[in-house]
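Undergrad: My questions all concern the structure below.
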Amino acid sequence: MKFFIDTANLDDIQAAHALGVLDGVTTNPSLVAKEGVNFHDRLKEITSVVTEGSVSAEVIATDAEGMINEGRELAKIAPNITVKVPMTKDGLQAVKTFTDEGIKTNVTLVFSSVQALLAARAGATYVSPFIGRLDDIGHNGLDLIDEIAHIFAVHDISTEIIAASVRHPMHVSEAAARGAHISTVPFKVIEQLMQHPLTDQGIEKFLKDWNG
Ligand code: E4P
C-alpha cells in the first residue's frame, strides 16, 4: 500500500516528502479553504514539490459541463494533476470525458461499493471511500474497503482504492490489510505511524549502555 498525504498545507507536504515515503497528495475544497491561498497557485507549489506522484485537485462545479471545464484547467497545471470529482451522476459523466481525454481522475465521497463500481466503470483512476466519515455515523468504514477490494479483484478492475478520511493509525494498518492500494493520511497521522514507545525506550537503553 502506498501513502498519499491529505492536505493543502505546503509545510506538511514538504515534511512528508522529505521522509521519502510520499507517493502523492490529495486536497479537497475544505483543506484548500483552510490554507487561505489561491487554489491554482497552491497546486503549482505542491506539484513543484511532488513532481511525479498524483496530486488530486477537486472541482467545485456540480454540473458535468462545469466539472469538465474546471477539470481541464486543473489538468493543465502539471502533468501529475489528478482531477477529483464527486460521486454523482454528473460526476460520472465528467469522469467518462476525462478518461477519454487521458486525464486521470479520483472519484471522491464514495460511501458504498456500488458507487465505487460505477466510478470504476466510468474509467476512474482512483476511488476514495471515506472510512472515517462512515465510522462517524455508526458504520464500519473499513468494511467498505473489504467490499470494494473484493469486487475489484473478482472483476479484474484496475481502478485503485484510496482509503480516505483516515483518522488514526489503526485505519491505516487495517486499510492496508484489507486491500486498499493507497491511504491518504493527514500529516498528524503520518507522525503517529512512526512512533512506538518501545522504539523510544530501546534507543534510550542503547545510549545508556553505550555511555556506561
Ligand atoms: C480525501 O481525499 C479527502 O480529502 C479526505 O480524506 C476527507 O477526510 P475528512 O473526513 O477527514 O474530511
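Readers should treat all values here as calculations from the given coordinates under stated rules, not as data from a laboratory. Bear in mind the structure is a predicted one, so any value in this text is a computation, not a measurement. Please note: Cβ atoms are built from the backbone with ideal geometry, for glycine as well, and neighbour counts cover all protein chains shown.
Undergrad: Can you tell me what share of the DSSP beta bridges in region 42-145 is antiparallel? A percent to the nearest 5 is fine.
TA: The answer is about 0 percent antiparallel.
Undergrad: Antiparallel as a % of all DSSP beta bridges within the chain, to the nearest 5?
TA: Around 0 percent of the beta bridges assigned by DSSP in the chain are antiparallel ones.
Undergrad: How charged is the neighbourhood of Ala78? Take every other residue with its Cβ under 14 Å from the Cβ of Ala78, and add Lys/Arg as +1 and Asp/Glu as -1.
TA: Residues close to Ala78 contribute a combined charge of +1.
Undergrad: Next up: Could you sort 66-76, 91-101 so that the peptide with the highest average Cβ count within 10 Å comes first and the rest follow in order?
TA: By packing density, highest mean first, the sequence is 91-101, 66-76.
Undergrad: What percent does the relative contact order of the chain come to when contacts are Cα pairs within less than 8 Å and at least six residues apart?
TA: 17 percent
Undergrad: Here's another thing I want to ask about it. Evaluate the relative contact order of region 125-173 (contact order divided by residue number), counting alpha-carbon pairs under 8 angstrom at least 6 apart; express in whole percent.
TA: 52 percent
Undergrad: Right, something else. Restricting to lysine pairs 8 or more places apart or on different chains, what number in the chain have Cα atoms under 22 Å apart?
TA: Close lysine pairs under the 22 Å cut-off: 16.
Undergrad: Something else now. Sequence gap at least 6, Cα distance under 8 Å: using those rules, report the relative contact order of region 116-210 to the nearest whole percent.
TA: Rounded, it is 25 percent for region 116-210.
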